Structures are given as C-alpha cells and as structure tokens.
Amino acid sequence: MRTKKPQYRRYTRSTMGNVAYFSILFLAGAFTILPLIYCIITSFKPLDELLIFPPQFFVKRPTLSNYLELPNLLGKMQVPVLRYFFNSIFIAIAGTSLHIIAASMAAFTFSKSRIKGRNIYFTIVQVMLLYNSVTLSVPQYLIFTKLHMIDTYWVYILPAIPSAVGCFLMKQFMDASVPDTLMEAARIDGAGVVRMYAKIIMPILKPAWMTILLLSFQSMWTIIPNGTIFSEQLKALPQVMSTIATGGIARSGSAMAVTVLLMIPPIVVFLFTQGNVMETMSTSGIKE
Amino acid sequence: MSSKKLGKRSGVFSKSENIAFHLIMLPFMLFFLLFNILPVLSSIVLSFFDYDMVSSPIFTGLENYARMFTGDDTFMKVLGNTLRFSIIAGPGSFILAFLLAWMINEFSRTVRVILTFIFYAPALVGNAYFIWQIFFSGDSLGYLNNFLISFGFITEPINWFQNTSYNMTILLIIQLWMSMGVSFLANIAGLQNVSSEMYEAGAIDGIRTRWHELWYITLPSMKTILLFGAVMQIQSVFSVSSLMTTLVGYPSVNNSVDTLVSYISDIGTARYEMGYASALSVLLFLLVLAFRYGIGALLNLIGKSDS
C-alpha cells in the first residue's frame, strides 16, 4: 500500500516559500502539541508551583503528589475510584470488540456476496456516516426507555455495535485488498461462507480491524452519555473528570493528572495501530 | 466494483451460501436498524405528535414545526449558533486537515509519522479540552487573565467562557485544535497513494508549478477521500455539544453558545417534550444532509479549469 514517493524534488520553493512553509508547520505543531505537553508537565507540579504567577512552563521540583492524591479526592465521591476505571475499560473493550465482529461480518456480505439489496444496505450505511450517537441521542433515549435499559451498561455498549464508520471502512478496505480469485480458490477447496470469513478475510483485514480498534476504542473511551446514566457506580471516567476539572486552579494539578491518565490508553492504541491505520485510510474514499 | 469477476447473476453462489451471507450480516443490521434507522424514523413520526412519554401521543400535525419558527426564540438562537459554528469550524478544519497533510507529505516516513502524531494528538486523546479550562479560567488566576492583567491590557479579569463577545471564538479555537482527526489521517494516507506516474505525466503535459499540480493532479485523485473527510467533519461539527456544556455550562448566558444538539437533549431528556425534540432532530438530520450534498457538489468542481 505504501507506494514509493518519487525520490526527486519536482518543484523547488523560493526562500520566502520555505520560510512560510516551515513557519506554518511549526506554528500549527506548537498549537496542537504544546497544550498537551503543558498538561503533562503540570501534572507533576507541587501545589506551590501551581500557584506561581505568571505560570511557569517547566516544573522545578517534580512530584507525584497530584497522582497520589487522586484516590483521596475521588474517595469523597460515593464509589471507589477503581470502579470508574473498571467501567471505562469494560465498556471500551466490550463495545469495541462487539463492533469489530459485527461490522466486519456485515462488510463481508456487502463487499463479496451477490445477495439482493446489498448495495442499498451499504448506501444506507454510507448515509448514516453523517450521524453519530450524539446526534441520535434523543431518539435513542426513547428506545432505551422502551427497552428498560436506562441506567445500565447497555446504553454505552449497544449503540456502539452498529457504528457506520467501522463497517464503511471495512467494506472499502475489503473491496481494495481481497481479490475475488482468492475467494474462488477457497470455494473450490470447499470452504463455506463462515470459513472464508474466518480463515481468509479476517487475516487479510488486519489493518482494517486495527484501525477500527483505534477509532472505536477512542470514542468509547471518551463517551459521555446524555441523560441515560444516573447511578454513580455506572459512570465512566470522562464524567468524573469534568467534576474535577471544573474545580478551579488549586485543583488543576489533579485535573491534569486525571487528564494525563486518560490520554495514555488512546496514545498506546495509536502507537500500536498507526501503520495499519494509514493502510486502511488510503481506501476510505466515498465514491458517488 | 472489484467483484465483477464472480459474475453478475446471483446463481454464482449457491442458495445455502446466500443464506449464510444473510445470516452473517444479520447481527450488525439488527443493531443498525434498532439504534440508527429506528431513531431517525421514530423522530420523523413523533415530530407530528405531542408526546410526554407518560400519556399516549396526540397527533398535532405540523404544530411542532410551526412552533420552531414562530414561537421559539431560544431555538432561533441555538440554530444560529449551530450554523455559525459549523460554517466556520467545518470548512476551517476540513481545509486545515488537507493543508497539513499535504505539507507533511514530502517528508520521509519517520518524520511524517512524528508530525502526524503531533497534529493528531488532540483529536486522539479525546476529552483533553479540559486543559483549556485553566487557560481561560474566569478569575484573575486564569492564565490568560493573569497575563493580560500583568501587562496592563485589562484591569479586571474577564470571564471568558461566560462573556458573550468571546466565548464562541474561544470554543471555535478549541474545536479547531482537536479537529485533525479521521479526515486528517485519511488525507495523509490518500496523498501517499497518488501515483508518481500521474505526477510525471502531468509534468510532460505542461504542469509547471506545484499549485497547478495540486489542482489538476493531486486534488482530483483525492476526490473520494476528500468527500469521506468532509462527511467526517460534518458529522463532528454538527454533533458538538459536550464541549460547550462542560466548559460553559447549559444553558449559557443568553444561550450564546448552546448548540442544537444540547437544546434537543434539554427538550427531550430533561423536559420530556418528545414530540418537539423529535421535530428538532428531524431538522438537524435535514441540515446535515443538506451540508453533505452541498459539499459533494462543490467537490465535483475540483480539477475543472476556469478557461
């Protein structure tokens, strides 16, 4: 997938052009990454350094106290802090894995079967790319109420299963990277649909499901339900974080510490999946 | 279609294989129906009813729609906010996502991966917009206030998030900050895949500047990926809600930054006016669709010569 770029520079830039080019890149990069770096550094500042004004970018005497204080701070809430961590991890893993399985199976039918209606189904999936669980939250709320699912783990997990973007990316990737001759060969060998999916498609699809792992994990990890979760023991980290983050400057150390802890899992997932993501995304075009 | 070789007739697969294909699609389609299609359809139906979730729905015709445009000043405000926000943040992030991807395209792989991470990081870590709380905190300890006061630009701290002259701009900046997401990644990958033969052929055909190359070769080859990116950006700008409700609160002063989505969930899940909330949702769906096809038409103009 990664085609070689031409080795020669085809067009040269004027000196001014170069200055502009590198300034834009530098400014954009500083704008995106400095707040995050500042957040990480601040999470290691002791209280007196947090209160120095004007604020210093770097920390002089780094301390872990902001992190060590978190259990105490969160201990004042009704449930132990580990419960929030458990909830976040549980819903992220459950939602993501169910989504990958369901979406890849459907994408297989859309891409490789000849059944009637598959193009219409896929067109509908493409239209639904425009709407996410936030835009649909109120009508979904009605459905959760009818199903008596308000205030259960289901409201996190179930709507994540049919996410359109995962299915869309899988189908596009399958169109581009699974040759029909491979399918035919498998059929001649006597493989059924399920075996083709499990033994042939899934291994080839690794870049696509790694990508969806990233996207789905990321959205599940940052989910803030809209009026569907009330019990403290069912809340996830992002909801708790907002309580801490709005606590003013004296608590900013702890707020930064929680933010840093929340940053780590998506970053780790990205580092693991990054090469696959690029391969998948190159097939993501919408054809009209 | 890549699968043409299998033959157009459905007879290529046996009956049992076709059944298996249906079954394997079923789990996704069932949940898709329940949580994506049904919400849209039920909104359309309920938008013609008065429904409080306790008593049974009463048919009221177009009353809910009439209410939006005649008797609801708050709606007019949130609609204006949503449009203003989307029209600036949508194209802004879409163009930036392409521009940055294009600019880092000529670096070596390692440098490109590092730069990708740098630009993508805010979108990757999700809810990190909490960080901006301490920059724009409303008391004199907030970083921006402190800075402005110590340099004598202002004497009293400004309550940035509650001040209607600034809060929208600040939120737009934060949105832009975290908008280099999926579409940015798609652009990078797409640019890597524009074949070098296309560029060589272009050079032979008389393309002499990188701007011509961008317009006549790069952008046309990227059309489908740009459309995917546009769809993703539309989806994200029209669903912006927790950014405001967390940093500013709901309702904001004078409804200055409340979005349509926040308003719908207030009407629906807090006041239980499901009929009206459904009508508002239908309007939101239509608005998103209009933007999607408008942009699709605009993207079709790419690569066309003026002369």
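Rule-based calculations on the coordinates, nothing more; no lab input. Computed from a predicted structure; not experimentally measured. Because the Cβ atoms are built from the backbone with ideal geometry, glycine has one as well, and the counts that use them run over all protein chains shown.
Some notes on this structure:
- Restricting B:VAL261, B:VAL257 to those that are β-branched (Val, Ile, Thr), more than 9 Å from chain A (Cβ to nearest Cβ) and buried (at least 20 other Cβ atoms within 10 Å of the Cβ) reduces the list to B:VAL257.
- Test: residue in segment A:143-153 that is at the interface with chain B (Cβ under 7 Å from one of its Cβ atoms) and closer than 12 Å to B:PRO39 by Cβ: yes
- Scope segment B:116-157; condition of a type in the set (Val, Ile, Thr), out of contact with any helix residue (DSSP H, G or I) (no Cβ under 6 Å at 6 or more places or on another chain) and more than 10 Å from chain A (Cβ to nearest Cβ); matching residues: B:THR155
- Extreme residue, surrounded by the fewest Cβ atoms within 10 Å (Cβ to Cβ), among residues of segment A:145-171 that are touching a Ser or Thr at 6+ places or on another chain (Cβ under 6 Å) and farther than 21 Å from A:ILE124 by Cβ: A:ASP151
- When segment B:148-185 is filtered for residues that are crowded, with 17+ Cβ neighbours inside 10 Å and of a type in the set (Gly, Ala, Ser), the ones remaining, listed by number, are B:SER179, B:GLY181, B:SER183.
- The residues listed here are A:GLY95, A:GLY117; of these, the one that is crowded, with 23+ Cβ neighbours inside 10 Å and more than 9 Å from chain B (Cβ to nearest Cβ) is A:GLY95.
- Residue in segment B:272-293 that is closer than 25 Å to B:SER43 by Cβ and outside any helix (DSSP H, G or I) present: yes
- Residue in segment A:196-211 that is within 7 Å of chain B (Cβ to nearest Cβ) and part of a helix (DSSP H, G or I) present: yes
- Among residues that are of a type in the set (A, V, I, L, M), at the interface with chain A (Cβ under 10 Å from one of its Cβ atoms) and crowded, with 22+ Cβ neighbours inside 10 Å, B:VAL113 is not included.
Yes/no matrix, rows are residues, columns are (1) free of Cβ contacts under 8 Å to residues at least 40 places away in the same chain; (2) closer than 28 Å to A:VAL277 by Cα:
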{"site": "A:ILE120", "(1), (2)": "yes, yes"}
{"site": "A:LEU147", "(1), (2)": "yes, no"}
{"site": "A:ILE161", "(1), (2)": "no, yes"}
{"site": "A:VAL165", "(1), (2)": "no, yes"}
{"site": "A:GLY192", "(1), (2)": "yes, no"}
{"site": "A:PRO203", "(1), (2)": "yes, yes"}
{"site": "A:ALA208", "(1), (2)": "no, yes"}
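- Some residue of segment A:59-74 being of a type in the set (S, T, N, Q), facing chain B (nearest Cβ under 8 Å) and either without any contact (Cβ under 8 Å) to a residue 60 or more places away in the chain or part of a loop (DSSP other than H, G, I, E, B) (or both): no
- Among residues that are of a type outside the set (Lys, Arg) and more than 7 Å from chain B (Cβ to nearest Cβ), A:VAL260 is included.
- Remark: A:PHE173 falls outside the filter, which requires a residue to be closer than 30 Å to A:LEU234 by Cβ and more than 9 Å from chain B (Cβ to nearest Cβ).
- A:VAL240 within 27 Å of A:TRP154 (Cα to Cα) and without any contact (Cβ under 8 Å) to a residue 12 or more places away in the chain: no
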